[in-house]
Amino acid sequence: MLIVKNFGNAKHQRKQQQQQQQQQQQQQQQQQQQQQQQQQQQQQQQQQQQQQQQQQQQQQQQHRTL
């Protein structure tokens, strides 16, 4: 009886370990998605800076024609 109980417990513990590993993998995937979102935000900021530079150049050209 004792041997059977121990064997059953070992199986149960293995299942728990597998579930924990799956949860950790899901968390890692979520972190990667967050990093991708941050990169997209940085790209948007760079685009805004480029637009500002273009506006400044246009203003300078208008002054020169006057």
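Just so it is clear, none of the values below were taken in a lab; they were calculated from the coordinates. None of these values were measured; they are calculated from a predicted model. Cβ atoms come from the backbone with ideal geometry, glycine included; neighbour counts cover every protein chain shown.
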The simple spin-label model distance between GLN54 and GLN34, using points 7 Å out along Cα→Cβ, in nm, is 3.4
With label points built 7 Å along Cα→Cβ from the Cα atoms of GLN13 and GLN45, find their separation and express it in nm. 4.9
